[in-house]
Amino acid sequence: MSKALDQYVDLMIRCVANTIYKDPSNMSVLRGRAAYSEHERTLGRDWPLIAHTMIGVKRLRSLADQVIEVVENDIPGDFIETGVWRGGACALARGVFNAMEAAERKVYLADSFEGLPAPSPDIYPDDLGMQFHTYEPLAVSEDLVKDTFKAYGLLADNVVFVKGWFKDTLHLIDAEQFAIVRLDGDMYESTIQAIEALYPKLSVGGYLIVDDYGMIKACRKAIHDYREAHGIAEEIVNIDDVGVYWRKLA
Ligand SMILES: C[S@@+](CC[C@H](N)C(=O)[O-])C[C@H]1O[C@@H](n2cnc3c(N)ncnc32)[C@H](O)[C@@H]1O
């Protein structure tokens, strides 16, 4: 990797995670004691008040390395994230593709842009009792995410917004192949719907990333159910005890 690319990636990560201005976590503000923790921001354990992503520096670095790798090794396909929140992780992917002169690869952002669905425990019992749909900070509008992309100078035709519930949208996406599929929908429902719709389109040599694997049991269960049903045996690699990935070998 060239020094210029390395420095661009490093700066993008500092910007999207906002380790520069060090905004406090949402929770600390709600408790009336605004605080920033370098440790939590590195590991993506806080919901930042202002930063463009909550996935933390380690998962961002891992994502950037994977984007670089699929371009360098000619693994064909686009990038998709299911569950984008403020869009910072997608902006990083877009920026790195552009910097590597791979602007023809699209970045798809799939989200309701109004938060998570209320659980449907009759269909997905593992989601019983989940309250994410009541958390107002998780609902970020499409316009705000577009503003994020504009702020980085990255809003263009190669950024595709897929608005709606995953169950209604993901199987209709026109992309033929993905080099990277990043799942970040927290719930069993959101994880299983995304992997079912998108894994068949993941290129051999491409990456399947699961953001919440180490943190949310229902998400982990969805991944194990899918892997078992489809005989997937690729090794799951831990990033930071929350996010994981594997590389599709066949
Ligand atoms: C934890 S946030 C994603 C964090 C983001 N990847 C980042 O970089 O900060 C979860 C996102 O998933 C979306 N989401 C979850 N389940 C969904 C579903 N079934 N359909 C559409 N959007 C969903 C929510 O609207 C929210 O934006």
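Nothing in this text is a laboratory measurement; each read-out follows from the coordinates by a stated rule. Keep in mind the model is a prediction, meaning the values are calculated, not measured. Neighbour counts run over all protein chains shown; Cβ positions are idealised from the backbone, glycine included.
Brief remarks on what is shown
- Förster radius 25 Å - calculated FRET efficiency between Leu144 and Arg45, Cβ distance, rounded to 0.05: 0.65
- Sorting the segments 74-81, 25-32 by their residues' average number of neighbouring beta-carbon atoms within 10 angstrom, most packed first, yields 74-81, 25-32.
- A simple rule links phi to the HN-Hα coupling: the Karplus curve 6.51 cos²θ - 1.76 cosθ + 1.60 with θ = phi - 60°, which for the stretch 196-211 gives 5, 6, 10, 4, x, 8, 6, 5, 5, x, x, 10, 10, 10, 10, 5 Hz, with x for Gly and Pro.
- Checking every one of the GluC sites (Glu not before Pro) in the stretch 93-171 against DSSP loop status and a limit of 12 other Cβ atoms within 10 Å picks out Glu101, Glu104.
- From phi via Karplus (6.51, -1.76, 1.60), per-residue ³J(HN,Hα) for the stretch 22-36 in Hz, x at Gly/Pro: 6, 5, x, 6, 3, 4, 5, 5, 4, 7, x, 9, 4, 8, 10
- Remark: C-alpha extents of the chain on the principal axes read 47, 43, 32 Å, sorted largest to smallest.
- With R₀ fixed at 51 Å, the C-beta to C-beta distance from Glu38 to His230 puts the FRET efficiency at about 0.80.
- Positive-end residue, the stretch 1-121 charge dipole about Cα centroid, Cβ charges, pick of Asn73, Asn98, Leu30: Leu30
- Long-range HN-HN contacts of Val162 with modeled amide H, under 5 Å: Leu109, Ala110, Asp111
- For the stretch 55-247, the number of Lys pairs separated by eight or more positions or lying on different chains, with C-alpha atoms closer than 30 Å, is 28.
- Whole-Hz ³J(HN,Hα) from phi, Karplus 6.51 cos²θ - 1.76 cosθ + 1.60, for the stretch 112-129, glycine and proline x: 5, 6, 8, x, 8, x, 5, x, 10, x, 5, 8, 10, x, 5, 8, 3, x
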